[in-house]
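Read the figures in this text as sums done on the coordinates, not as results from a lab. Since this is a predicted model, take the numbers as computed values, not measurements. As a convention, Cβ positions derive from the backbone with ideal geometry for all residues, glycine included, and neighbour counts pool all protein chains shown.
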Amino acid sequence: MASNFEKSHCLIDNLKARINKLAFKTQDTTKLFQRGDQVEVASQEWGYIGAYYTATIVSPIGNSHYRVRYKNIVNDDKSDLLVEIVKASEIRPVPPKHETLLVPEDIHMYDIVDVFDNDGWWIGFISGRHEENYKVYFPTTGENVAYSPHLLRFHQEWNKGNWIFSN
């Protein structure tokens, strides 16, 4: 019979694999976005994989790319918001907002969440609690950091035109 430690370790390994798979997932490109649409762009840059950044569609470029302007990222000389061309497979709509903030009764150990940090939403899972904050483990970076509940949202995946909760 497996011990609680072994079961917990197995669960954590499964969560790590699941989050890594989500972090490297490309989006369904059947939805065509229009100028002005609010979207999230998945970073494919090393060190930022698993993060989504809010942006606005500036213009479509053919059927496979878009020019976007980021909401929270500035260009190199910090004179304006960053505009870049990204693949359609790296873009998804902004997830629907919840009516209320996450409350402690709703947050459980191993829930998959997004955390707003460093100007983007990073995917991880609840790994513990520290006073009023929740520890979130990020498999893509190996970090375990405590965050206030107001910086958390339950992770959702865009799948064939629908939002699906990951928990």
(message) How big is the dipole moment of the stretch 40-167 about its Cα centre under a simple scheme where the beta carbon of each Lys and Arg is +1, that of each Asp and Glu is -1, and everything else is neutral? Debye, nearest 20, please.
(response) 420
(request) Calculate the spin-label point distance for D76 paired with Y110, positioning each point 7 Å from the Cα along the beta-carbon direction, and give it in nanometres. (result) 4.6
